[in-house]
Amino acid sequence: MSFRIIDLSHTLTAIGLMSTWPGHPTFSATRTSSIPEQRSNVTALSFGSHTGTHIDAPSHFIGDGEAVDVFDLHRLFGRAVVVDVRKKGPRERITWDDVQKYEDKLGEGVIVLICTGWSRFWGYANYGDHPFLDVDVARKLVERGVRVIGVDALSPDEMKVGEEESEDSGVHGVILGAGGAIAENLRGVEEVIGMEKPVVSLLPIKIGGCDGSPIRAIAFEGAI
């Protein structure tokens with residue numbers, strides 16, 4: 001069986017360029033056993049729950065929200081709708097006017113991918129200056145049955161650190177508060193736009209009680 005798979009994940013690397021939310025743990029990989037000195041190669045890994053391409057579980061922002069190990073996997077594997085907003089500039093707001101034309105494709109079980117094109121700045125200082133989703137868009141998506149969204153940027157919210165952070169957690173509060181999940185730091189989403197019936201997988205590592213997890217996000221053409 002042969003079909004096209006689009007890799008939507010950035011590479012975790014200790015030697016190349018990576019972007020990390022300020023204050024979050026960074027990625028490291030240390031070889032603890034090496035061939036030919038030992039019989040096998042073994043590597044010790046260290047990273048945060050929101051390192052690289054990852055999923056936010058409800059418990060990331062919601063005190064009694066579900067952790068990543070108990071989140072319903074059916075919600076992280078399904079039909080995708082790509083919202084193309086690549087014309088947006090740095091820190092420009094994405095409004096319902098930008099999303100409304102995709103409304104007839106929305107519904108329960110649909111995973112909405114926001115394509116800003118910002119993954120091209122991964123590892124650079126301006127990666128945090130991405131366009132951001134208006135919180136009203138998140139509310140309207142939830143009203144239409146959507147519970148999982150993904151974005152090819154650091155966050156669907158405007159990047160604000162410390163005292164500037166919103167008390168209501170913006171898009172995170174709406175999506176995660178509705179029992180949903182958010183995939184962040186996707187790449188290659190623009191390649192999904194041309195697919196007639198895209199399916200995406202955003203499956204996490206099963207880490208007990210954790211608020212998120214790195215994922216190997218992929219997209220492929222299919223019918224489910």
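What order do E221, E103 take when sorted by accessible area (1.4 Å probe), most exposed first?
E221, E103
Taking a 1.4 Å probe, which of M18, M195 shows the most accessible area, and what order do the others take after it?
Ranking M18, M195 by accessible area, largest first, yields M18, M195.
Within 10 Å of each candidate Cβ there may be at most 14 other Cβ atoms; applying that plus a DSSP loop requirement, which chymotrypsin sites (Phe, Trp or Tyr not before Pro) in segment 87-193 survive? Mind dumping the intermediate values first?
Details: sites: W96, Y102, W118, F121, W122, Y124, Y127, F132; in loops: W122, Y124.
The qualifying sites are Y124.
Over the chain, with the other protein chains present, what is the accessible area per residue in square angstrom, probe 1.4 angstrom?
For the chain, the solvent-accessible area averages 51 Å² per residue.
On the accessible surface of segment 40-109, probed at 1.4 Å, how many percent belong to carbon and sulfur atoms?
Carbon and sulfur together cover 47 percent of it.
With a 1.4 Å probe and all protein chains kept in place, how do C115, C210 rank by accessible area, largest first?
These residues rank, largest area first, as C210, C115.
Of the residues V137, V112, V70, which exhibits the maximal mean-square fluctuation in a Gaussian network model of the chain defined by a 10 Å Cα contact cut-off?
Among V137, V112, V70, the largest GNM mean-square fluctuation belongs to V70.
Hey, could you pull the Cα Rg and Dmax for segment 51-182, both in Å?
Final numbers for Rg and Dmax: 14.0, 39 Å.
Given contacts defined as C-alpha pairs under 8 Å and at least six residues apart, what's the relative contact order of the chain, whole-number percent?
The value is 31 percent.
At a probe radius of 1.4 Å, what is the per-residue accessible area of L133, in Å² to the nearest 10?
10
What is the percent carbon and sulfur in the accessible area of segment 171-212, measuring with a 1.4 Å probe over the protein chains and ignoring ligands?
49
Could you give the spread of the C-alpha atoms of segment 1-88 along their three principal axes, from largest to smallest, in whole angstroms?
Cα extents, longest axis first: 49, 42, 32 Å.
Per residue, what volume in Å³ does the convex hull of the Cα atoms of the chain enclose?
Per residue, the Cα convex hull of the chain comes to 144 Å³.
For segment 1-94, run through the GluC sites (Glu not before Pro) and keep only the ones in DSSP coil with at most 10 other Cβ atoms within 10 Å of their Cβ.
E37
Once phi is turned into ³J(HN,Hα) by the Karplus curve 6.51 cos²θ - 1.76 cosθ + 1.60 with θ = phi - 60°, what whole-Hz value does each residue of segment 57-70 show in order, with x for glycine and proline?
7, x, 5, 4, 10, 10, x, 9, x, 5, 7, 5, 6, 10
The values are calculated or read from the model by the stated rules, or taken from the named source; none is laboratory data. None of the values given here were measured: they were computed from a predicted structure. Virtual Cβ from ideal backbone geometry, glycine too; neighbours counted across all protein chains shown. Just the protein is used for accessible areas: all its heavy atoms, side chains included, with ligands, DNA and RNA removed. Shrake-Rupley method; radii C 1.70, N 1.55, O 1.52, S 1.80 Å.
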